[in-house]
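Note sheet for the following structure.
Bear in mind that the values in this text are calculations on the coordinates, not laboratory data. In this text, all values refer to a predicted model and were calculated from it rather than measured experimentally. Neighbour counts run over all protein chains shown; Cβ positions are idealised from the backbone, glycine included.
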Amino acid sequence: MKEAEAWQYADEIRARVRPPEFPDRWFDVTDFGPAEMWTGSFHAAIKTCHEAGGGHVRVPAGTYPTGAIHLLSNVDLHVEGGARILFSTDPADYLPAVFTRFSAIECYNYSPFIYAYGQENIAITGSGVLDGGAGPEHWWPWVGTPEFGWRPGTPHEAADWAELQRMAADGVPVAERMFGAGHYLRPNMIQPYLCRNVLVEGVRIVRSPMWEIHPVRCENVLVRNVSIHSRGPNNDGCDPESCRSVVISGCVFDVGDDCIAIKAGRGPDGRRVGVPCEDVLIEDCDMRYRYGSVAIGTDTTGGIRNVFVHRCRWGGPGLYFGLYIKTNSVRGGFVENVFVRDVEISELTKEAISIDLYHGDGHAGDDSPLVRNINVTGMRSDRTRSAYLLRGYPEQPLRDIAVRDSTFARVERADVASDVEGLSVTGVMVGGVPVEPVDEV
């Protein structure tokens, strides 16, 4: 895919991914309460709306303590300004366990806080707040590090995570990978799974246990004008995984891990399922904290293709990378056709462009990933550690990497490019000095 053709394709994605439409029927959740806990009220309001042929479940101003909320087809959960959905910190309120993914591996686990499985035309809209209630006292300590509240002698997720990975490697049927009660794998905040026509718009998300917005194997997903502020462990902002046709626009990410991370399954499980993530457009977003601004990986096993990043702003104290393609020969898969254009960077502690096949496990497996056709144009950076770090393998180099018409004003060290085949650097300034053009075949 050439650059001009690529941006035409990005326009097609934008035109294709339209918000779902809902009948003009409104059901106030307060008509199904009041209650000390609103879980049953949300369930009843959503079920009634769905059975009526669809519409909107209104959440008016106020605070609504609740457990898991499960959306059904043709329902918009509309959280009005002044409304706060306050999710319970009791793990029992997210049972029974549901079919989900934990860190890109299929299993049964605690329900995501807002979950939908196999539904069509669903939405979460409004200007209210989704508050996960997580912090050093609840959920975050399960990661097992003192920084987030864990104390010696208290439980954490390491044993469960190791067991889930073992199950996937041994081919244990997913129905037997049962976690949830008595286990310590944190749920995601929002997860539509195998859904079509999904909209998340306008809401503010705070204090999530783990990943914030995690569509899995969905098609036609629009995440628009969402503000996420949650600096906990593994608090990725938006992680489309094995999805097709995704638009993320006008969002603010101030999160504890990658702002956006595009994924496609992990290791043996990713190879078994074998579904890529493709046709993702990211535009007009602000990434402020913490690891990758736009990350691709680490879970690349099913393959990732056709990713477009346009008119975004990256940077702030504590934000590490810009474009961050990270994988290794344990994860495998492929990443191809990634186009970045007109990005403003204020400050990053590491590289503006990092494409690294030695991430995590490094070169310890036998499934070397293919990374090719990565294009960056019109990137303007004030301060980074370096402009780019590019590391392939000798037997599987990065292929066709282009950096054009870009400026990196203040850098601390030289760029790194090793095992790259087809590197093109033209019209680039680093530290106020023009870079000698590179145009390898």
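Less than 14 Å Cβ to Cβ from His363, Lys/Arg counted +1 and Asp/Glu -1: what total charge do the surrounding residues give? Before the final figure, lay out the partial values.
Values: positive: Lys326, Arg331, Arg391; negative: Asp356, Asp361, Asp366, Asp367, Glu395, Asp419.
Once all neighbours under 14 Å are counted, the net charge is -3.
How high is the relative contact order of segment 193-246? Use alpha-carbon pairs under 8 Å, at least six apart in sequence, and give a whole percent.
43
Calculate the spin-label point distance for Leu95 paired with Ala181, positioning each point 7 Å from the Cα along the beta-carbon direction, and give it in nanometres.
0.3
Using the alpha-carbon centroid of each, what span in Å lies between segment 258-279 and segment 375-410?
Segment 258-279 and segment 375-410 have Cα centres separated by 24 Å.
Separation between the Asp366 and Thr145 pseudo-spin-labels, each 7 Å from Cα along Cα→Cβ, expressed in nm?
3.3
Nothing charged except the Cβ atoms of Lys and Arg (+1) and of Asp and Glu (-1): what's the magnitude of the dipole of the chain about its Cα centre? Round to the nearest 20 debye.
So the dipole magnitude of the chain works out to roughly 280 debye.
Taking the Cα centroid of segment 195-244 and of segment 291-331, what is the distance between the two, rounded to the nearest whole Å?
15
For segment 160-228, what class follows from the C-alpha gyration tensor (a ≥ b ≥ c being the square roots of its eigenvalues): rounded when a/c is under 1.5, otherwise prolate if a/b is larger than b/c, else oblate?
Numbers: a/c = 3.40, a/b = 1.74, b/c = 1.96.
Since a/c reaches 1.5 but b/c is at least a/b, the shape of segment 160-228 is classed as oblate.
Express the relative contact order of segment 141-221 as a whole percentage, based on alpha carbon pairs under 8 Å and six or more residues apart in sequence.
Reported relative contact order: 25 percent.
Suppose the chain between Glu80 and Gln8 were pulled fully straight at 0.36 nm per residue; how much longer would it get relative to their current alpha carbon spacing?
Difference between extended and current length: 22.3 nm.
What's the center-to-center distance, using Cα atoms, between segment 28-84 and segment 351-367 in Å?
Cα centroid to Cα centroid, the span is 44 Å.
Can you put Asp254, Asp76, Asp28 in order of Cβ neighbours within 10 angstrom, beginning with the fewest?
Asp28, Asp254, Asp76
Ser127 to Ala409: extension gain in nm, 0.36 nm per residue of separation minus the Cα-Cα distance?
Details: separation 282, 0.36 × 282 = 101.52 nm, distance 3.77 nm.
Full extension from Ser127 to Ala409 adds 97.7 nm.
Which whole-number percent is the relative contact order of the chain (Cα, under 8 Å, 6+ apart)? List each step's numbers first, then the result.
Working: 1415 pairs, mean separation 39.9, N = 441.
This gives 9 percent for the chain.
Using only the Cα atoms of segment 106-179, build the gyration tensor, take square roots of its eigenvalues as a ≥ b ≥ c, and label the shape rounded, prolate or oblate: rounded if a/c is under 1.5, else prolate if a/b is larger than b/c, else oblate.
oblate
Give me Ser418, Ser406, Ser41 sorted ascending by neighbouring Cβ count inside 10 Å, so fewest comes first.
Fewest-to-most ranking of Ser418, Ser406, Ser41: Ser418, Ser41, Ser406.
Kindly put Val221, Val275 in sequence by how many other C-beta atoms sit within 10 Å of each C-beta, fewest to most. Provide the component values of the computation, followed by the final result.
Numbers: Val221 24, Val275 17.
Ranked by crowding around the Cβ, least crowded first: Val275, Val221.
Counting other Cβ atoms within 10 Å, which GluC sites (Glu not before Pro) in segment 347-441 have at most 12 and lie in a DSSP loop?
Sites meeting the loop and neighbour criteria: Glu395, Glu412, Glu440.
Once you have the Cα-Cα distance between Asp284 and Thr48, take 0.36 nm times their residue separation minus that, and quote the gain in nm to one decimal.
81.3 nm
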